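Worksheet: one structure, shown below.
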Amino acid sequence: MKALRALAFATFTLTASAGFAESRTVTLSIPGMNCDLCPITIKKAVSKVPGVSSVDASYERKQAVVTFDDTKTTLEAITKATANAGYPSSVKKP
C-alpha cells in the first residue's frame, strides 16, 4: 500500500511539474556577425541546444530571436552555444 501511494505521489509530482513548462522567446544581440553566412552558423549552433524550438538569426540586425523551453535549457546555455560557435552574444534589452 505504501509503495502504491509513493508511486501515485511521484506520478502526480512529475505530471504537475510538467505543467509549469513555459516557452520563452529572447532576442540576442550578436555584434560579431560580419557576413551573410554568420546567421547560418549561429542557427546551427543554437538549434543543437536541447529545448530550443526555433532560431531566427539576422545578419542585417546582428541579432537572433530564440524560442526555447525554460525547463530544458537556460539563457546561459544558449549564449554559450553562440560563443562556442565564435559569436559571443548578450540578451537584448526590450
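The values are calculated or read from the model by the stated rules, or taken from the named source; none is laboratory data. Predicted model only: the values in this text are computed from it and were never measured. When we count neighbours, we look across all protein chains shown, and the Cβ atoms used for this are built from the backbone with ideal geometry, even at glycine.
Restricted to the stretch 34-44, and to residues that are closer than 13 Å to Ala81 by Cβ and either in contact with a strand residue (DSSP E or B) (Cβ under 8 Å, 6 or more places away or on another chain) or of a type in the set (A, V, I, L, M, F, W, C) (or both), which residue is surrounded by the fewest Cβ atoms within 10 Å (Cβ to Cβ)?
Lys43
So which residues in the stretch 14-33 are at pLDDT 95 or above, loosely packed, with under 12 Cβ neighbours inside 10 Å and of a type in the set (S, T, N, Q), if there are any at all?
Within the stretch 14-33, Thr25 is the sole residue that qualifies.
Please verify whether Ala64 is closer than 16 Å to Ala85 by Cβ, in a strand (DSSP E or B) and within 17 Å of the chain's Cα centre (by Cα), treating the condition exactly as stated.
Details: closer than 16 Å to Ala85 by Cβ: yes; in a strand (DSSP E or B): yes; within 17 Å of the chain's Cα centre (by Cα): yes.
So Ala64 fits the description; yes.
Counting just the residues of the stretch 45-56 that are assigned to a helix (DSSP H, G or I) and touching a Ser or Thr at 6+ places or on another chain (Cβ under 7 Å), which one comes out surrounded by the fewest Cβ atoms within 10 Å (Cβ to Cβ)?
Ala45
Filter the stretch 27-61 for residues that are farther than 18 Å from Lys93 by Cβ and of a type in the set (Lys, Arg); which is nearest to the chain's Cα centre (by Cα)?
If we take residues in the stretch 27-61 being farther than 18 Å from Lys93 by Cβ and of a type in the set (Lys, Arg), then Lys48 is nearest to the chain's Cα centre (by Cα).
Does Thr11 meet the test of being modelled with pLDDT of 95 or more, of a type outside the set (Lys, Arg) and surrounded by fewer than 15 Cβ atoms within 10 Å (Cβ to Cβ)?
no
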